[in-house]
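The values are calculated or read from the model by the stated rules, or taken from the named source; none is laboratory data. The shown structure was predicted, so the numbers you read here are calculated from the model rather than taken from an experiment. For neighbour counting, all protein chains shown are included, and Cβ atoms are generated from backbone atoms with ideal geometry for every residue, glycine included.
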Amino acid sequence: MEVIEHDILLVGGGGAGLRAAIAACEASPDVSVGMVSKLYPMRSHTVSAEGGAAGVARDDDSLELHIQDTLKGSDYLADQDVVEVFVDAAHKELTQLEHWGCPWSREPDGRVSVRFFGGMSVKRTWYATDKTGFHMLHTLFQTSLKYDRIVRYDEYFATRLLVRDGVCRGVAAFDLRTGEVKCFLGRAVILATGGGGRIFPFTTNAAVKTGDGMSLAYRAGVALKDMEFVQYHPTGLPGTGILITEASRGEGGHLKNKHGERFLVEYDYGVGDRAELGPRDMISRAEILEFEAGRGLRGPYGDYVHLDLRHLGEQKIDQRIPFVRELARNYVGIDPVWEPIPVRPVVHYMMGGVDTDVDGATPGVEGLYAAGEVACVSINGANRLGSNSLPECLVFGKRSGEAAVAYASQGASEGPREALVGQAQAEEARLDALRHKVGGEKIAQIRRELNSAMEQGCGVFREEDSMAACVDSVRQLKGRYADIGIGDSSRIFNTEIVQALELGNLLDVAEAVAVGALARRESRGAHTRRDYPERNDADYLRHSLVRFAADGPRLDYRDVTITRWQPQERKY
Amino acid sequence: METQTRKFEILRYRPEEQSEPEFRSYEVPCMPDWVVLDALNAIKDDIDPTLSHRWSCRMGVCGSCGMLVNGRPVLTCAAFVRDYEGTIRVEPLSNFPIVRDLVVELDDFVHKIQSVKPWIVRKLEKDVEQGEYRQSPAQLEEFKQFSMCINCALCYAACPVLASEPDFVGPAAIALGHRYNLDSRDEGNAERYDAMHGHNGVWSCSYANECSQVCPKHVDPAMAVNQAKLTGALQWTGILPKKSMT
Amino acid sequence: MSENASPTPVAPARPPSGFPLAHARYRNYVLFALTSVFMFVGGVGLLLGVRALGQGPEAWAQYLDALGHPAVLALSLAVFGFSVYFTLRWMWIGRKIMVGRVGPVPGPPIPMAGLGLGGIALCFATGIGVLLLLGGVL
């Protein structure tokens, strides 16, 4: 078996991964970084982020305000010490991206422009029209190309963390091109694989968002934190789930029901005067309530509401949100200059993820770090504010890159590598067996059933019975997954094997989400229960922690870190 | 919504079993709002799990799913089935070796992107604490269009020069190098000069304009390549200075 | 492409579908490439004329006679046609690549997009006019 060694190993090459790789190189002049990614880095899902990235930039803004907004948005489930670190670094990271060439939109005087975003009390969202994630990802990728020390392993799928005596020293991954399993050894491993929105059927998430890193860490003994909090974005295109950016509301767009009413304003949904600039969880709920009140519009993919941009005018639309126009025209045949866009809530982001500290280190497994959507550090708590996730990738990507280098340079003992290579060899045997696996179940069928179970059990509004049914369904599907059959036994670019492994990861993540959701008997942020409609700080101002065990997940809680800001009623 | 069964001819190549690519037909029940990529996924899920193709964002921005549909390089996530009549023929991108089925070899493409040094080069880097570089909207506008490339490689599949000169750096890479040269924050065009104006650089382009015809993001790489010719010529004669960090 | 050894067997790259003659776009491009042949022929013709001029009045008269031959006339016409096509297409490119710059800081690109067919025709006519003037015809 081929053994490849680097000082730092990265799994994933999106916003957080690339930032971590660059930070590692800058932290030490001779560190070598191996970046294992299941796709070419510029394909990573960071590319789809549209609206912008938050960072304090103007005189009318302050770090204090950004912290307050973030905490309130999180429904006070975010750790306050971490949010302080995040807000303090966010604007610096965005400036760093500017120095690396990111084409931020500009004011006439040459400063970077900022726009309004949901739940943010002032303009603080930096943007590059409405392709912010695309530009950030390409800037990071292109900047990473100048470091010879970042060695990329593009289109390698990581299947297992190599852990010895509670210390993570590598990862087993197979090369899609050849099917060959390789043993990657390093002094520290950083996971930056993104979220797992694909557990749901209707999502803005790309096909690759299958919770791979979450499952890797989970199986290696790290807890998954706050997994029950899944963000629904209020404006996705029906059918495809393509995201229409929140910037369309930040720039002044209105949401309207079938009577043409701005329902967020005319009915009291708790979103307040700022209406369309409310946080995502509240607006998504408002849309569902509108549907239930019979005021939604009917379409082939269920009810929807209208996102009306007509009053903005063609010029502003083309200047600020051209991609919205492009997407609406291409995918629903509607030109937002003349017609409202049909939208509905769509699964967008997972607040939860791999449990980490403020440096991305995972408690329990030494040498393992996580950053970006895969991680839960936690700044997002029960509901992430729009435009906080891109700076999160940067801030915690950088911090984990630097922390990993510091850890690696402590000269952690090399130790015998046989055990690690042995684990990779076991992985090779497992994949060989999987390639020739005969069984009665089909990957696509299990995936569809999983999606529908999650949608029914863990949607915008949740209830005890449907969640319990969802937990049961996921468990049954896990059982059936053991009996899948593989139709393609070839080695070269076998995407069926990838799908089979991804399905396994999806099942792990889905189970953690459902178990966490069932146990949290309150409504907080994106986790809204009809049977427990109130927030319950006495019992649940705590992070949930789901740990892997052979006979089913173990659930545990940890107190939220509160420093200077006492939880208050969340009113806008 | 009613499905309609459509016939697809897909170029299949499984190197472990076939010595040469050949077409295979599939009858796929398609929803009226499907794109070609949806049909490929339906084949993969329900008809033939051995079909391999790349895809991810399915909203036209990750650049994974470029293929030839009826001979034209397109993003299959943005190519609607209803816009094609009769049998739909799907092939891997031309001008690239085929790894398997609809998957082509892209490493060479990525090396070409890297060869033009697509990053900001400066004599002195400003500290983050000093804030951003000022850049007027006009200065931004100068390179913005060329920064919209999603690296989907459709332009490489369309370029007739690349068909006969595989070492040509190619439209996307040159457009990217040109993008950095035009950026008011950059001082590194001398560093990019050899890659962009050397033997396999801009002068290989004979302005067929095919790259701009197929570009899904309206980058107009042909414009970039030919603007770069002018700039390069003026730099070669010394009329325009080369900016260098050294 | 220029990759060394591929780690797995690959099927060779295939040329763009239908190249070079299947589509009008490709045919236009081939025609554009073909202009070089005719412009070369035209250039050789002119050089022969210069040589004839140097060889004396007799040779020059012969040269002029040859120019009147129907085949040569046809060829000259083709050369002229291809030159016109080349010029038009070159101008078409030119308007895209010429970028207006004012002062040391480059302004926004001003592709000569406003230069439509009329403008190109005007440039072309002016060029012909100058040639005729220099040639003493006018």
statement: residue A:281 vs (1) touching a Gly at 6+ places or on another chain (Cβ under 8 Å); (2) under 30 Å from residue B:2 (Cβ atoms): all pass except (2)
Unique match (being in a helix (DSSP H, G or I), modelled with pLDDT under 95 and within 14 Å of chain B (Cβ to nearest Cβ)) among C:46, C:88, C:73, C:53: C:88
field: Qualifying residues in the range A:254-304 (those that are assigned to a helix (DSSP H, G or I) and among the β-branched types (Val, Ile, Thr)) - the one farthest from residue A:569 (Cα to Cα)
entry: A:288
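Out of everything in the range B:108-132 that is at the interface with chain A (Cβ under 8 Å from one of its Cβ atoms) and crowded, with 19+ Cβ neighbours inside 10 Å, what residue ends up being farthest from residue A:142 (Cα to Cα)?
B:132
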statement: Scanning the range A:348-364 residue by residue, those under 13 Å from residue A:221 (Cα atoms) and of a type in the set (Gly, Ala, Ser) turn out to be A:364
Among residues of the range A:431-476, those that are in contact (Cβ under 8 Å) with a residue 12 or more places away in the chain and within 28 Å of residue A:2 (Cα to Cα), counted: 5
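Which one is nearest to the other protein chains (Cβ to nearest Cβ) among residues in the range A:324-341 that are assigned to a loop (DSSP other than H, G, I, E, B) and either among the small types (Gly, Ala, Ser) or farther than 12 Å from residue A:307 by Cβ (or both)?
Taking the candidates together, the pick is A:333.
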message: For the range A:480-497, which positions are more than 9 Å from chain B (Cβ to nearest Cβ), crowded, with 19+ Cβ neighbours inside 10 Å and among the hydrophobic types (A, V, I, L, M, F, W, C)?
response: A:484, A:497
- prompt: In the list A:116, A:134, which residue meets the criterion of being within 11 Å of chain B (Cβ to nearest Cβ) and either touching a residue at least 60 places away in the same chain (Cβ under 8 Å) or basic (Lys, Arg) (or both)?
  reply: A:134
statement: By residue number, the members of the range B:125-163 that are assigned to a helix (DSSP H, G or I) and touching a Lys or Arg at 6+ places or on another chain (Cβ under 7 Å) are B:128, B:137, B:140, B:143, B:146, B:147
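Select from the range C:11-32 the residues that are in a helix (DSSP H, G or I) and under 17 Å from residue B:157 (Cα atoms) and write down the one among them that is nearest to the other protein chains (Cβ to nearest Cβ).
Of everything passing the filter in the range C:11-32, C:29 is nearest to the other protein chains (Cβ to nearest Cβ).
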query: How many of the residues in the range A:161-185 are assigned to a loop (DSSP other than H, G, I, E, B) and at pLDDT 95 or above?
result: 5
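Would you call residue A:61 surrounded by fewer than 24 Cβ atoms within 10 Å (Cβ to Cβ) and modelled with pLDDT of 95 or more?
Taking the combined requirement at face value, the residue satisfies it.
Just to be sure, is residue A:127 at pLDDT 95 or above, more than 9 Å from chain B (Cβ to nearest Cβ) and within 30 Å of residue A:271 (Cβ to Cβ)?
Yes, satisfied.
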message: Take residue A:344 and tell me if it is away from chain B (no Cβ under 14 Å) and either part of a strand (DSSP E or B) or modelled with pLDDT under 95 (or both).
response: yes
- request: Go through the range A:78-102 residue by residue and tally those that are in a loop (DSSP other than H, G, I, E, B) and surrounded by fewer than 22 Cβ atoms within 10 Å (Cβ to Cβ).
  value: 1
message: I'd like to check something: does the range A:508-519 contain any residue that is assigned by TED's automatic domain parsing to the domain that holds residue A:432 and surrounded by fewer than 20 Cβ atoms within 10 Å (Cβ to Cβ)?
response: yes
Test: residue in the range B:171-187 that is within 16 Å of the chain's Cα centre (by Cα), touching a residue at least 12 places away in the same chain (Cβ under 8 Å) and surrounded by fewer than 22 Cβ atoms within 10 Å (Cβ to Cβ): no
- line: Looking across the range A:152-190 at residues that are at positive phi and of a type in the set (D, E, K, R), the single one that is farthest from the other protein chains (Cβ to nearest Cβ) is A:165
field: Selected residue [in contact with a Lys or Arg (Cβ under 7 Å, 6 or more places away or on another chain), under 30 Å from residue A:491 (Cα atoms) and either outside any strand (DSSP E or B) or assigned by TED's automatic domain parsing to the domain that holds residue A:501 (or both)] from A:431, A:420
entry: A:420
query: Taking into account only those residues within the range A:470-511 that are part of a helix (DSSP H, G or I) and among the β-branched types (Val, Ile, Thr), which is nearest to residue A:230 (Cα to Cα)?
result: A:509
